[in-house]
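Take a look at the structure below.
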Amino acid sequence: QMQLVESGGGQAQPGGSLRLSCAAAGFTLDYYAIAWFRQAPGKEREGVSCISGHDASTSYADSVKGRFTISRDDAKATVYLQMNSLEPEDTAVYSCAIAWTLICPVLTEAGPYNIWGQGTQVTVSS
């Protein structure tokens, strides 16, 4: 019954914006670190951003720092990823994931994240 459902993906022009949502079904998110990952065709999965369940501290991959913002609304059991200044290199399937920790694990390894959503496609092209 514990599920994560992503939404908000789609197509955007370079320089445009999208807002992704990750909604928890059947449970609350207060105690868990939640991260966004992405995977483009032919490339390895990349950690994008994480938000802590302890104090809502955040971390970002260098490739998105200054352009993407992660946030959480525990009352709605939802985590968001606001993506601005999109680039073609941002094209990927974006998935959210939960680690059973308060503090975010490193983004360089997906192993600590235990529950994953199905993903939502983001395509950036002109």
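The values are calculated or read from the model by the stated rules, or taken from the named source; none is laboratory data. Please read all numbers here as calculations on a predicted model, not as lab measurements. All Cβ positions, glycine included, derive from the backbone under ideal geometry; neighbour counts span all protein chains shown. Heads up: the accessible areas ignore ligands, DNA and RNA and are worked out on the full protein's heavy atoms, side chains in. Shrake-Rupley method; radii C 1.70, N 1.55, O 1.52, S 1.80 Å.
Here r is the Cβ-Cβ distance between Asp55 and Trp116 and R0 is 30 Å; the resulting FRET efficiency, rounded to 0.05, is 0.80. Share of carbon and sulfur in the accessible area of the range 1-51 stands at 45%, probe radius 1.4 Å. FRET efficiency for the Lys43 to Gln1 pair, using the beta carbon distance and R₀ = 41 Å, is estimated at 0.80. Computed from Cα atoms alone, the Kirkwood hydrodynamic radius reported for the chain is 14.2 Å. Taking the Cβ of Asp30 as the center, what net charge do the other residues with Cβ under 15 Å away carry, scoring Lys and Arg +1 and Asp and Glu -1? Local net charge: -1.
Relative contact order, whole percent, for the chain stands at 36, derived from Cα pairs under 8 Å and 6 or more residues apart. Count Lys and Arg as plus one, Asp and Glu as minus one, and take only other residues whose Cβ is under 15 Å from that of Arg67; the net charge is then -2.
Pop out the carbon and sulfur fraction of the accessible area of the range 58-109 as a percent, whole number, probe 1.4 Å. So the carbon and sulfur contribution to the accessible surface is 54 percent. Here the label points at Ser63 and Val106, each 7 Å from Cα along the C-beta direction, are separated by 1.8 nm in the simple model.
Annotation: per residue accessible area for the chain equals 51 Å², rounded to a whole number [probe 1.4 Å, protein chains only].
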